[in-house]
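Visitor: There's a structure below that I have some questions on.
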Amino acid sequence: MDQDIQDKLDATAFRRLLSHLDSRKDVQNIDLMILADFCRNCLGKWYKSAADDLGIDLSSDEARERIYGMPYAQWKESHQLPATPEQLAAFEARKK
């Protein structure tokens, strides 16, 4: 497989991941961190890092908005719940 085809497949899969996460706003970032050791914020940081690597001027807020589909503050206000004691305990336990 040549690099152009691989890049197209990677981009399509990434867009599908974003769409899936957008359809599952009930899945909290802390749940993603507990289960997969990454979350939407991580994706935003990776997106920003990719832009930096390519010399593209993109702010952290712009990168996060690409991942969340809206400004992070708006997403947080509309969809983020406070972490439960159980979630916090599981998050801490995974660090060990």
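Read-outs throughout are calculated quantities, based only on the coordinates presented, and are distinct from any laboratory measurement. These numbers come from a predicted model, not from an experiment. All Cβ positions, even for glycine, are placed from backbone atoms using ideal geometry, and neighbour counts span all protein chains on display.
Visitor: Please list, by residue number, every one of the chymotrypsin sites (Phe, Trp or Tyr not before Pro) in the chain that is coil in DSSP and has at most 13 other beta-carbon atoms within 10 Å.
Guide: Those satisfying the criteria are Phe38.
Visitor: Helix-only estimate, please: 222 nm mean residue ellipticity of the chain, summing -39500 (n - 2.57) across DSSP H runs of length 4 or more and dividing by its residues, to the nearest 500.
Guide: Taken over the chain, the calculation gives -22500 deg cm²/dmol.
Visitor: Apply the Karplus curve 6.51 cos²θ - 1.76 cosθ + 1.60, θ = phi - 60°, to the phi angles in the stretch 18-23 and return the couplings in whole Hz, x for Gly and Pro.
Guide: Taking θ as phi minus 60°, the curve returns 4, 5, 5, 4, 5, 7 Hz for the stretch 18-23.
Visitor: To the nearest 0.05, what FRET efficiency results for Phe14 and Ala73 with a Förster distance of 22 Å applied to their C-beta separation?
Guide: 0.40
Visitor: As a quick test, which of the pairs Lys8/Lys45; Lys25/Lys48; Lys8/Lys76 have an alpha carbon distance above 24 angstrom in this structure?
Guide: From Lys8/Lys45; Lys25/Lys48; Lys8/Lys76, over 24 Å: Lys8/Lys76.
Visitor: Additional query: Please report the relative contact order for the chain, taking Cα pairs under 8 Å with a sequence separation of at least 6, and give it as a percent rounded to a whole number.
Guide: This gives 27 percent for the chain.
Visitor: Let's see if you can work this out: charge +1 on each Lys and Arg Cβ, -1 on each Asp and Glu Cβ, no other charges. What is the dipole magnitude of the chain about its Cα centre, in debye to the nearest 20?
Guide: Value, rounded to 20: 360 debye.
Visitor: For a quick check of your reading of the filter: which trypsin sites (Lys or Arg not before Pro) in the stretch 18-76 sit in a DSSP loop and have no more than 12 other Cβ atoms within 10 Å?
Guide: Counting only loop positions with at most 12 other Cβ atoms within 10 Å, the trypsin sites (Lys or Arg not before Pro) in the stretch 18-76 are Arg24.
Visitor: Choose one of Ser19, Trp46, Met1: the residue whose Cα lies farthest towards the positive end of the charge dipole of the stretch 1-75 (beta-carbon charges +1 Lys, Arg; -1 Asp, Glu; about the Cα centre).
Guide: Ser19
Visitor: For an R0 of 25 angstrom, estimate the FRET efficiency from the Cβ-Cβ distance between Asp61 and Asp2 and round to the nearest 0.05.
Guide: 0.10
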